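The values are calculated or read from the model by the stated rules, or taken from the named source; none is laboratory data. On a predicted model such as this, the values are computed, not experimentally measured, just so you know. All Cβ positions, even for glycine, are placed from backbone atoms using ideal geometry, and neighbour counts span all protein chains on display.
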Amino acid sequence: MMSLAEISLGKAVKQQYGFKIRAYGNLFVSLMAVQLIALLFTAGGATGMSGMGWDNIYIEIRYYSGTMIFVFTALWIAVNSFMLTLPLFRNIDFSFVTNRISSNLANIGFMITAAVAGGGTAALGSILLRNILYYLTESGSLIGANFMVAPGELFIGVVVGMLYLLLFSAAGYFVGALLQLHRSLYVLVPALLLGVLLYDAAYESALMLRLIGFFSLELSPLLFVLKIAGAVLLLWTGAGLISNRAEIR
């Protein structure tokens, strides 16, 4: 279909990005709900426990962590990035003067916004967890070491969380674009992932653990950022190339 309207790529991306922020605003409400559920699960039960005792004295130590909040946030952004590739969401873009490039760039902008929001709220959720435990338990029973978080540490936590969320979003977006090529991939891709997990378990190859460690065990901040950025760009590029094979409307 030919349009007489002439519009630059930048303007098209800006229009679609603004539309997605307004139309999918309820997704950010769901982010708050997901993180609240994770917060309640974590506050209601310790993530770890140990104990020691002698004579008639027994000490029980409970560990609390905001990791569950981040895990729920990562699942949220991966699922919603996957949903952006579904026909119901993808075809909305063609109500604008658009093409696959502008559509993908607008989706990337939306995913970056979601990662920034998710990284910030996940870090603040960990602070909220500390305050909940402080006021709901006897403050004297809390270990004071590292209880307070310095602004610099909080900022680093937000940035690291945002980078990881970008990686999860890019992976979800790539898988979603891949599945749109053929319906059979809805079965083949999960089967392949399950096969890799079973192979790791059977032969103790720890392929998935090495992949996770490649991103999570890096000690150099620069290399860490480069690894995440490189993987994200590859996944987004792959998703863009795959989407170009889809039917042009």
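Okay, here's what the table says:
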quantity	calculated
Selection within segment 147-193 - of a type in the set (Val, Ile, Thr) and either under 17 Å from Thr237 (Cβ atoms) or part of a loop (DSSP other than H, G, I, E, B) (or both)	Val149, Val175
Residue in segment 84-106 that is crowded, with 17+ Cβ neighbours inside 10 Å, at pLDDT 85 or above, in a helix (DSSP H, G or I) and of a type in the set (Ser, Thr, Tyr) present	no
